[in-house]
Amino acid sequence: MRLRRKPEAKQKLMEHPLVFTPTEDNKGQMQGQWRSVFPHETHPLHVELGTGKGQFLAKASTLRPDINWIGVERIEEPLLQAVRKGEATENTNLRYVWADVENLTDIFATGEIDRIYLHFSDPWPKKRHAKRRLTYRRFLDLYEQVLAPAGDLILKTDSVSLFDFSLEEFQERGWEVIEISRDLHHSPYAAINITTEYEDKFSSRGMPIHYVRVTPPKERAVADEN
Ligand SMILES: C[S@@+](CC[C@H](N)C(=O)[O-])C[C@H]1O[C@@H](n2cnc3c(N)ncnc32)[C@H](O)[C@@H]1O
């Protein structure tokens, strides 16, 4: 018998009060408006791209009520799980966007985000798929647009090849490395670290977690390559 889970997940997400789903009809509607959906409009806005099943956001929104949190995820089923976790916290500083990171600049205004998190992004190990990696230079230029001038980006991954590639891309686009560790859980940054589902899985196998915090260039980069 064919399982029909996807349409059900879609419907639930479309109707869920914590989820914004960009469409052709509402394109640009939320740009510059995100803070106003939260009770504390002045709190910084932190956005996790590729939220998956949402463990990080559920924990982070509880531990850091002084921050407004948004998760962006393109696949319905993990997102629905994330939303259910978030809902269970009853935190009011938490929202989700059902969208592809490709469309980030249609969802957020220039300078609207204070911090971006990329947690265990798909490594796309084949060279011909390099442009799909979420730290490919074209994506960095999108992040640069939506980040506030004093904003930053945190990347965590188990993948050495994605980490090395990302460092090259950051350098290529003029981003500055502020903190870095190739073994986050045994570094000074471990004390305030909040783990994700993938992080727990990989670290339980003894794999070191790679971590970097970067800031965009002071001068805005020109998107010159796709
Ligand atoms: C390997 S999982 C990691 C999930 C979670 N961040 C964690 O650390 O447990 C990567 C997630 O990113 C999502 N993702 C990948 N590319 C994306 C894109 N372009 N836009 C939105 N989500 C994306 C995938 O659907 C998947 O849920």
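DSSP loop trypsin sites (Lys or Arg not before Pro) in the stretch 1-83 with at most 12 other Cβ atoms within 10 Å of their Cβ, which ones?
Those satisfying the criteria are R2, R4, K27.
Please arrange F202, F38 by accessible surface area, largest first, computed with a 1.4 Å probe and ligands excluded.
Per-residue accessible area, sorted high to low, gives F202, F38.
Could you sort W175, W124, W98 by their accessible area in this structure, using a 1.4 Å probe and putting the largest first?
W124, W98, W175
For the stretch 40-177, count the residues as N, evaluate 2.2 N^0.38 Å, and divide the Cα radius of gyration by that value, please.
The reported ratio for this selection is 1.03.
Note down the net charge around P208, summing +1 for each Lys or Arg and -1 for each Asp or Glu among other residues with Cβ under 15 Å from its Cβ.
-1
Per residue, what accessible area does the stretch 42-139 have, given a 1.4 Å probe and all protein chains present, in Å²?
42
Taking the Cβ of E90 as the centre, find all other residues whose Cβ is under 15 Å away and add up their charges (Lys, Arg: +1; Asp, Glu: -1).
Spelling it out: positives minus negatives among the neighbours equals +3.
Of the chain, which part is the longest with no GluC sites (Glu not before Pro) in a loop (DSSP not H, G, I, E, B) and with at most 14 other C-beta atoms within 10 angstrom?
Here the longest segment lacking exposed loop sites spans 91-218.
Check which residues have an amide H placed less than 5 Å from I116's amide H, if you skip close sequence neighbours.
Answer set, sorted by chain and number: V47, D152, L153, I154.
Setting aside same-chain residues fewer than 8 positions from K12, which aspartates and glutamates have a Cα under 16 Å from its Cα?
E73, E76, E77, E87
Given the rule -39500 (n - 2.57) for each run of at least 4 DSSP H residues, summed and divided by the residues of the chain, what is its mean residue ellipticity at 222 nm, to the nearest 500 deg cm²/dmol?
-9000 deg cm²/dmol
Specify the inter-centroid distance of the stretch 1-64 and the stretch 190-207, based on alpha-carbon positions, in whole Å.
The stretch 1-64 and the stretch 190-207 have Cα centres spaced 23 Å from each other.
The values are calculated or read from the model by the stated rules, or taken from the named source; none is laboratory data. Because the structure is a prediction, the values reported are computed rather than measured. In this analysis, Cβ positions are derived from the backbone assuming ideal geometry, glycine residues included, and neighbour counts consider all displayed protein chains. Side chains included, ligands, DNA and RNA excluded: accessible areas come from the protein's heavy atoms. Shrake-Rupley method; radii C 1.70, N 1.55, O 1.52, S 1.80 Å.
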